[in-house]
Amino acid sequence: MQIVGETLTRADVEALLAQAPPTFQDCIFDQADLSRLDLRNCSFTGCSIVETSLYAARLSQSTWLRCRGRQADFEAADLTDARFQSCDLNNSNWRRARLASLTIKGCKLTGANFEEAAHLGLTFEDCLLVGADLRRMSFRKARLVQLDFADADLAACDFRDAVFDGGSLRGANLKQARFENADLREADLGGLTLADAKLFQGAWITQRQAAELVSELGLRVA
C-alpha cells in the first residue's frame, strides 16, 4: 500500500499499520508523536520527519531515502537492519537506540547524538558527522569511507586497524581514542594538539601528514 503526499498524524499512521506495512512517499510527519509504533519493514521516500518522535519505535528493516529529519528523535528505537540513504538528519537523537547492522550512506548527521547506542555492525559511508556525539563507539577494523568527523566527540572510540578512505578528524575530541595500526594516510588530521599526536602511535600516516603535524605543533624542521 503506497501513501503519497499526505500529512499524517499518529492516528493516521496507526490506521494504516492495521493493514500492511505501508510505503510512504513525499509524506509529512513533522512534530508527530510516532513513539513506540511498529514500523518494521516500512519504506519512507522523500518524507519529512522534522522534530518527529520515534522514541522506542520498532523500525527494523525499514528504509529511508532522501528524507528530511532535523531533530528527529530515534532514542531507544530498534533500527536493526534498517537503511538510511541521502537523508538530512542534522541534530537527530539516537541515544540508546539499537543500531545493529544499520546502514547509513550519504547522510547529513551534523550534531547527531549517538550516546550509549548499541551499534554492532553499524555502517557509515560518505556522511557528515560534524560535531556529532560518538563517544565510546567501536570502528575497529572498519573501512571508513568519506566520514567527516570534524569537531565530533570521539572520546574513547576504538579505531584500531581501521582504514580511513578520505574523511576528516579535524578538531575532533580524541581523548582516550585508540588508533593502533589504523591507516590514516587519506584522512585530514589538521588541528591536532601535542596530546592528540600521542594517540596515533602505531598508526600509518604519510610524510606530508607528518610534516603538517609538526607544523601544527609549532615545531620548525631545519
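The values are calculated or read from the model by the stated rules, or taken from the named source; none is laboratory data. If you're wondering where the values come from, they're calculated on a predicted model, not measured in any experiment. Here the Cβ positions follow ideal geometry from the backbone for every residue, glycine too, while neighbour counts run over all protein chains shown. The accessibility values were calculated without ligands, DNA or RNA, using every heavy atom of the protein model including side chains. Shrake-Rupley method; radii C 1.70, N 1.55, O 1.52, S 1.80 Å.
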Note, residue 16: beta-carbon cut-off 12 Å, +1 each Lys/Arg, -1 each Asp/Glu, net -3
Expressed in angstrom, Rg and Dmax over the Cα atoms of the chain are 19.5, 74
Can you send over the carbon and sulfur percentage of the accessible area for the chain, probe radius 1.4 Å, protein chains only?
45
Return the Rg/Rh value of segment 60-145, two decimal places, where both radii are evaluated on C-alpha atoms and Rh is the Kirkwood radius.
0.91
Keeping all protein chains in place and using 1.4 angstrom, which order do 75, 125 fall into by accessible surface area, from largest down?
125, 75
Heavy-atom accessible area per residue, segment 80-222, 1.4 Å probe: how many Å²?
50
Between residue 186 and residue 51, the FRET efficiency computed from the C-beta separation at R0 = 41 Å comes out, to the nearest 0.05, as 0.70
Which of the peptides 160-166, 51-57 is most tightly packed, and how do the rest follow, judged by the mean count of other Cβ atoms within 10 Å per residue?
51-57, 160-166
With all protein chains present and a 1.4 Å probe, the order of 26, 196, 188 from largest accessible area down is 26, 188, 196
Degrees separating the helix 207-216 axis from the principal Cα axis of the chain, which is the longest one
90
